[in-house]
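A short reminder: the numbers here are calculations on the coordinates, not readings from a lab. Keep in mind it's a predicted model, so treat the numbers as computed, not measured. Positions of Cβ are backbone-derived with ideal geometry, glycine not excepted, and every protein chain shown enters the neighbour counts.
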Amino acid sequence: MRLRAAPLVLLAGVALAAPRAATAQPMTYIAFGDSITAGTGDDPARTEPGYPPRLQQLLINAGRSAVVVNEGLPGEKTPQGLTRIDSVLDRGGDILLLMEGSNDVSTEISQETTLFDLDEMARKAVQRLVRPVHATLIPRLPRANVDPENIINQQLNEQIRDLAGIQSRDLVDPFEAFGKLDDLFNRFYFADPEDHVGHPNAAGYDTMARVFFDVLTGRDSTPPVEGLIVPFHGQRRVPPSESIFVTLWDFGAGIDLANTDLLVNDVDVEVVPQGNAERAELRYDPPAPLANVVRVRLRSRDLATPANTVDREIARFVISGTVFLQGDFNQDGRVDGVDLVRFARSFGASRGQSRYVGAYDFNQDDVIDGVDLAVLAANFGRSSF
């Protein structure tokens, strides 16, 4: 992904900044966000944690005169960020790196509010001739208290991509980059049993810095990514005749439309992308009613050399009327180890405790115990349909 051509208001800002550049003053990047920007979970031996100091060093090593200011505030949600951003921008800067919203998910702030706040923060930056760059949120831990399956998080990230694309702003995509890493949560996340969201460790922050660096220096390392998806990932009770619609974005060299395919339940449905290399739409009208769990897969590549490719499931939704076996908690059509792990986190919990989940209390006796485990065990390894 490369930085886009600046709109006129920003070109004016570049002209105003020319005398400052002549005196060799560094470009100032403002890294704005929450604890993931601040560097929670990093190597405690580091005096300056997080991705911002690493990014600064990468830029300097590449011959750039740069200062990356860490404006991460642990625990902050976007409504508080929208209040704080004015005082941060008033101190000056050239580029705003905006990555916030994980705490919104944790506290169940609506996605509409989060997107509004992020857009307003970016707009305030533009008013001050500071160039905004949006960033997606990293994946949440499988043991996260809220959204452990990253359904809400994925939807929010898809909307952040839409926001950046529609507003002609640049995008850094840590969610996409982290999703391609092997053994992600063991190798790149802070190992703290009290962390119920997910923070990178030193290796994770190294990765984040590199993702930001690539975009800021014009290196395209990200394949086409999905924006709006209908039905959305994780949706339940979808009408059997529902059409499938996917928006595809590329913030770098562009989408290779001729090599872009949509697969539904592992079958290439041969849709023809409509749009252009920056934004394309894929629409599939099923010839027969859909049933049970529907999996949507994207195969695509961009026009970079070498090409960045994507081949992964981007959505899974449930058709209305589908019946699942007891114990198929994630409703993927099979009672398996994933369901057992989720059940185990609540085993022994009673109603009123934070670990209690009513869906796991099969006999509704207000405690998740061996009786409930026996129900799950009876269905373990069986398919729902």
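Some notes on this structure:
- Calculated FRET efficiency, ASP192 to ARG84, Cβ-Cβ distance, R0 = 30 Å: about 0.70 to the nearest 0.05.
- Residues ILE255, ILE138 arranged by fewest to most Cβ contacts within 10 Å: ILE255, ILE138
- For the options GLN80, GLN111, GLN154, a Gaussian network treatment of the chain with springs between C-alpha atoms closer than 10 Å singles out GLN80 as fluctuating the most.
- Taking the convex hull of the alpha carbon positions in the range 21-67 and averaging its projected area over all directions gives 3.8 nm².
- Within a Gaussian network of the chain (alpha carbon springs, distance under 10 Å), most fluctuating of ALA203, ALA135, ALA38: ALA203
- Straightening the chain between TYR356 and ASN145 buys 74.8 nm, computed as 0.36 nm per residue apart minus the Cα-Cα spacing.
- Rounded to 10°, Cα long-axis angle of helix 78-89 versus longest principal axis of the chain: 10 degrees
- Residues whose placed amide H lies under 5 Å from that of GLY234, excluding near-sequence neighbours: ARG316, PHE317
- Angle in degrees between helix 8-22 and the longest Cα principal axis of the chain, rounded to the nearest 10: 50 degrees
- Sorted into 5 angstrom bins from 0, the C-alpha pair distances of the range 81-124 split as 5, 20, 32, 23, 12, 6, 2 percent.
- Those residues of the range 98-128 whose amide nitrogen sits under 14 Å from the label point placed on GLN167, 7 Å along Cα→Cβ: 98-101, 112-128
- Contour minus Cα-Cα distance for ALA291 and ILE109 (0.36 nm per residue): 62.3 nm
- With R₀ set to 22 Å, the beta-carbon distance separating ASP365 from LEU340 gives a calculated FRET efficiency near 0.60.
- Summarising the label geometry, the points placed 7 Å from Cα in the beta-carbon direction at GLU120 and ARG236 lie 3.2 nm from one another.
- Only Cα sites of the chain enter the Debye sum here, all with the same form factor; the resulting log10 I(q)/I(0) across q = 0.08, 0.10, 0.14 1/Å is -0.46, -0.71, -1.28, listed in q order.
- For the chain, the Cβ-based charge dipole about the Cα centre amounts to some 840 debye (Lys, Arg positive; Asp, Glu negative; other atoms uncharged).
- Dividing the helix sum by the residues of the chain, where each DSSP H run of 4 or more adds -39500 (n - 2.57), gives a mean residue ellipticity at 222 nm of -9500 deg cm²/dmol.
- An ellipsoid equivalent to the range 324-385, defined through the eigenvalues of its Cα gyration tensor, has semi-axes of 20, 11, 9 Å when rounded to whole angstrom and sorted largest first.
- Going from the residue with the fewest nearby Cβ atoms within 10 Å to the one with the most, LEU257, LEU98 rank LEU257, LEU98.
- Over the chain, relative contact order from alpha-carbon pairs under 8 Å, at least 6 apart, %: 13 percent
- Averaging the Cα positions of each part gives two centres, and for the range 329-364 and the range 202-249 these lie 29 Å apart.
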